[in-house]
1. How much FRET efficiency would the formula 1/(1 + (r/R0)^6) give for R152 and E41, where r is the Cβ-Cβ distance and R0 is 25 Å, rounded to 0.05?
2. Dipole size in debye (nearest 20) for region 1-132 around its Cα centre, Lys and Arg Cβ +1, Asp and Glu Cβ -1?
3. Under a 1.4 Å probe, what is the accessible area of the chain per residue, stated in Å²?
4. Counting only protein heavy atoms and a 1.4 Å probe, tell me what percentage of the chain's accessible area is made up of carbon and sulfur.
5. Please report, in whole Å, how far the alpha carbons of region 143-221 spread along each principal axis, starting with the longest.
6. Can you list, bin by bin at 10 Å, the percent of alpha carbon pairs in region 115-173, starting at 0?
7. At each listed q (0.14, 0.20 Å⁻¹), what is the log10 of I(q)/I(0) that the Debye formula gives for region 27-72 modelled as equal alpha-carbon point scatterers?
8. Take the alpha carbon atoms of region 1-85, find their radius of gyration, then divide it by 2.2 N^0.38 Å using N residues; give the quotient.
Amino acid sequence: MPLPRKHQISLEDTPYYHCMSRCVRRAFLCGYDKYSGKNYEHRRQWVEDRLLLLASVFCLDVCAYAVMSNHVHVVLHINKIEALKLSDFEVFKRWQKIHKPTDLVQQFYMKNNSAERSSIQLETIANTISIYRKRLYDISWFMRELNEPIARKANQEDDCTGHFWEGRFKSQALLDEKALAACLAYVDLNPIRSKIAYNPESSEHTSIKRRIDALRQGYQPTSLMAFEHSPIQNQRTELPFRLDDYIQLIRFSAQGFDSASRNETTQPSIIRTFGCSEQLWMNLLHNFEKYFGVAAGEPRSMERFMLNTGRGRLKGSRRIAQ
């Protein structure tokens, strides 16, 4: 039986979550299907465009993503503080980008006629805005708004009905910096691990390619969560690593998938900081989802997460410390 989200999301423990949606039957509905001979590769761009649009609407920072042929990975940072600071009008404007608000709310904010409204209507408007605000930092709503439009568009293109994605997306709490770094790299290295790309620069529809392409032009994409000491203006939250260190980590790890191409012998500073052996690090990158279930982190972090979410023993509770 699927676990309720309250047993998978705990902002007391972490704002970082790894989410994954897979196409039904693991079919290549976003890539080239060698069995049918049909090419759906253009749909990967649909998913990436939708993902980056939602990043401008929700109070959820996109830390990393990889759009593959039959599944999508995204690492999200829940920015509840930002959502609570938004004015009611800002909430309305954000929600309006992806959905039509109720007629009452729309008329109120577009015509600014508060004096003509009864107290009951004003209370209804306030309650509706409160609902929209909560949705803006809700991972389930983010994934719903990512997946449903893609499914409708694909079904329309195929002139069919039915499910495009598996029923529920997978959610995984990242409880400490080691788990966060390993998961970011795991997601960004998906195409290289699957041998459909040879380096980060050729990893289409990934956050690492978007970051490197932007860096070459002297900026960083505002649609992605910034790294520590980033030049992005007005960035209130940052990933706890430097971008240069993270790119070094990705290049080092990518070489690890092909020992013949290894030309860098110095461990990246991120791995040294964690006191992590190269063998353990590469094991994590190969098997992150296999090793961990709804949460990943050091044993103490896992124990605290179990207490806060009312969970029993967690898969992989000792794996990351080995």
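1. Working from the Cβ atoms, E equals 0.85.
2. Values: 18 positive and 13 negative charges, 119 e Å.
So the dipole magnitude of region 1-132 works out to roughly 580 debye.
3. Values: 15990 Å² over 322 residues.
Per residue, the chain has an accessible area of 50 Å².
4. Numbers: 7610 of 15990 Å².
Answer for the chain: carbon and sulfur cover 48 percent of the accessible area.
5. If we take the Cα atoms of region 143-221, the spans are 42, 32, 27 Å.
6. 18, 30, 24, 19, 8
7. Result of the Debye calculation: -0.39, -0.64.
8. Values: Rg = 15.6 Å, N = 85, 2.2 N^0.38 = 11.9 Å.
Normalised Cα radius of gyration, region 1-85: 1.31.
The values are calculated or read from the model by the stated rules, or taken from the named source; none is laboratory data. Note that the coordinates shown come from a computational prediction; the quantities given were computed from them, not determined experimentally. Cβ: placed from backbone, ideal geometry, glycine included. Neighbour counts: every protein chain shown. SASA here: full protein model, heavy atoms, side chains in, ligands and nucleic acids out. Shrake-Rupley method; radii C 1.70, N 1.55, O 1.52, S 1.80 Å.
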